[in-house]
Structure formats: structure tokens, C-alpha cells
Amino acid sequence: MAIKTPALRSRKLTEAARGQTCTLQIVGVCNMNPETVVFAHFPSETHGIAYKSDDFWGADVCSACHDVIDGRCGYAFELGEREEYMLNGLHRTLSRRIRAGLITVEGGEYV
């Protein structure tokens with residue numbers, strides 16, 4: 001079990017979700033409405049249900065996909081499917097933040 005550590009908090013990272021497209025786009029669930037998109041924190045080994053993960057560990061998610069990922073609405077995921085949606089959403093969101101200059105990688109460049 002990992003030791004809990006302080007979480008990185010950044011309003012700029014979480015508020016950047018507003019008006020964006022959903023990065024999960026769960027088939028048959030996503031409402032495709034940018035007006036409902038918020039930053040959804042994903043679970044991590046150092047932060048759990050009562051304490052949200054870092055503000056870079058999650059994705060820009062519409063209200064419908066958020067409800068499914070958080071378990072507020074039922075959905076019959078295949079084995080590993082929930083995690084696949086979450087990883088794809090995480091990658092899309094991190095790429096979005098890097099391109100917007102909100103997260104920088106010293107010496108990094110897109111080629």
C-alpha cells in the first residue's frame with residue numbers, strides 16, 4: 001500500500017475542462033455536450049475516494065460519462081473496458097493541457 005501524500009491542486013488545470021469536448025466518450029452514454037464537461041479525478045494509489053487525486057490525474061468528462069465512471073449510473077463494462085476509457089481520457093486530457101501550455105515538459109516538443 002502506498003503512503004498518502006499531499007495532492008497537487010491547480011484551479012487552472014481543473015477549470016480548463018470547461019467548454020471542452022468529453023475525452024471519455026463512452027459509447028451509448030456520452031452526451032457530447034461541452035456545457036456539462038468538468039474535470040473528473042481518477043483514483044490513484046496515493047489518494048482514494050474520500051481524498052481526490054492530483055489535479056492532473058483525471059480527464060475532461062461530460063456529466064453522463066462522469067456518472068458512469070463514478071458508479072452513480074449502471075453500465076455493463078467488459079473486463080478492462082472502464083480502465084481503457086479512463087486511460088484514453090487521461091492521455092487526451094494531458095495532451096490538451098500540454099498543448100495549451102498549462103503543463104510544460106522541459107525540452108519537449110511535438111514532432
In whole Hz, what ³J(HN,Hα) sequence does the range 100-105 give by Karplus (6.51, -1.76, 1.60; θ = phi - 60°), x for Gly and Pro?
7, x, 7, 10, 10, 10
Extension gain from residue 5 to residue 18, taking 0.36 nm per residue of separation minus the Cα-Cα distance
1.9 nm
If 29, 37, 111, 68 are placed from fewest to most neighbouring beta carbons inside 10 Å, the sequence is 111, 29, 68, 37
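DSSP loop trypsin sites (Lys or Arg not before Pro) in the range 23-88 with at most 10 other Cβ atoms within 10 Å of their Cβ, which ones?
On the way: sites: 52, 72, 82; in loops: 52, 72.
Hits after loop and neighbour filter: 72.
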At a threshold of 8 angstrom on Cα-Cα distance, excluding pairs fewer than six apart, so keeping six or more, what relative contact order does the chain reach in percent?
27 percent
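Bear in mind that the values in this text are calculations on the coordinates, not laboratory data. This is a predicted model, so every value here is computed, not measured. Every residue, glycine among them, receives a Cβ derived from its backbone with ideal geometry; neighbour counts consider all protein chains shown.
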